[in-house]
Amino acid sequence: MLTEKYNIWAEPNQTMTHTKKLLSLLFLIALAFSTSCVNTAKFVYFQGGVTASNPSYLETPPVPVAKITQGDILAITVSSLNEESNEILNFQNINTLQMSNFPGQSGGSAGARQPLGYRVDSTGNVVIPFIGKQFVKDLTLMQASDKIKTEVEIYLKDPAVNVRFLNHKFSVLGEVNKVGTYNLLDDKTTLPEALAMAGDLSIYGKRDSVTIIRDAHGLREIGTVNLLSREVFQSPYFYIKNGDVIYVQPIKGKVTSTEQRVQLVPIFTGIATTIAVLLNIFLK
């Protein structure tokens, strides 16, 4: 009975049928093993907070309001009915400074042309045509706009003044798809938005421990954020500040993006395929 069941001199068609069934079975086993071992919880953002209501709501920290400091570069835009005056006042915003572009440089500001802008000097002043020196240190952008508008109104009728930062930026390093330095456009830029600018984390990025390095009055403040938890929305690092460095650590064993068991799947699949091919050769 045993000889008949495993007769190596069986008909070729019957042998091929057995081989195909064996290959199909091995493929299904390998597929089931690989899909069952993947832990998706390690890649899903903002987990937790199960609630019966939909949508649910979470409180976020207050939006930090940046203040002008020494060395800041400001874009001060003045609009009025006097076009000639507008051109003089906006000269610093229209004309640009060519930035150096180094080999391999990438990111939001790579190869960009930096507007000249108005630089805040060591005394906290900016020098603006017509109105001269204006002390703007420790003012918010809104406060600086109102102050400059009051002075410009002496010379121009109904001017509109807008002040923006030109030099505020943040950097993203580590396991992201686009490492680089990016312009910080406003105070409301969040950590998820900053990572989205960098192309999101790579499959090797450690999502439960993202490091934020921040300048805190001359000291380096280092904190961590867990992107897998909804607690990120309540973190003091939820909003990005000027000069922040975001570092994404690699997962342990960067060889793969999932658990160690999944690393063995290609090996088992290769062995199974080899055995199947050998059986196919000897059973012909």
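Output wanted: per-residue J couplings in Hz (rounded whole) for the range 139-145, from phi through Karplus 6.51 cos²θ - 1.76 cosθ + 1.60, θ = phi - 60°, x for Gly and Pro.
Per residue, the Karplus-derived 3J(HN,Hα) values read 9, 6, 4, 5, 5, 5, 4 Hz.
Once you charge only the Cβ atoms, +1 for Lys and Arg and -1 for Asp and Glu, what is the size of the charge dipole of the range 108-208 about its Cα centre, to the nearest 20 debye? Provide the component values of the computation, followed by the final result.
Numbers: 13 positive and 12 negative charges, 52 e Å.
Dipole about the Cα centre, nearest 20: 240 debye.
How would you order 76-88, 169-181 from highest to lowest mean count of nearby Cβ atoms within 10 Å?
Details: 76-88: 15.2, 169-181: 18.6.
Those peptides, ordered most packed to least, come out 169-181, 76-88.
In nm, what is the difference between 0.36 nm times the number of residues separating residue 209 and residue 121 and their Cα-Cα distance? List each step's numbers first, then the result.
On the way: separation 88, 0.36 × 88 = 31.68 nm, distance 3.86 nm.
Taking residue 209 through residue 121 to full extension adds about 27.8 nm, to one decimal.
Using a 1.4 Å probe on the protein chains only, how many percent of the accessible area of the range 207-246 belongs to carbon and sulfur? Walk me through the intermediate numbers first.
Numbers: 1000 of 2040 Å².
On the range 207-246, the fraction of accessible area on carbon and sulfur atoms equals 49 percent.
Kirkwood hydrodynamic radius (Cα pairs, Å) of the range 174-260?
Final number for the Kirkwood radius of the range 174-260 is 13.5 Å.
Share of Cα-Cα pairs in the range 117-186 beyond 18 Å, in percent? Present the calculation step by step, with values, prior to reporting the outcome.
Numbers: 1193 of 2415 pairs.
Tail fraction, whole percent: 49.
The values are calculated or read from the model by the stated rules, or taken from the named source; none is laboratory data. Being a predicted model, the structure only gives us computed values, none of them experimental. Glycine gets a Cβ as well: all are built from the backbone with ideal geometry, and neighbour counts include every protein chain shown. To get the accessible areas, we keep the full protein, side chains included, count just its heavy atoms, and leave off ligands, DNA and RNA. Shrake-Rupley method; radii C 1.70, N 1.55, O 1.52, S 1.80 Å.
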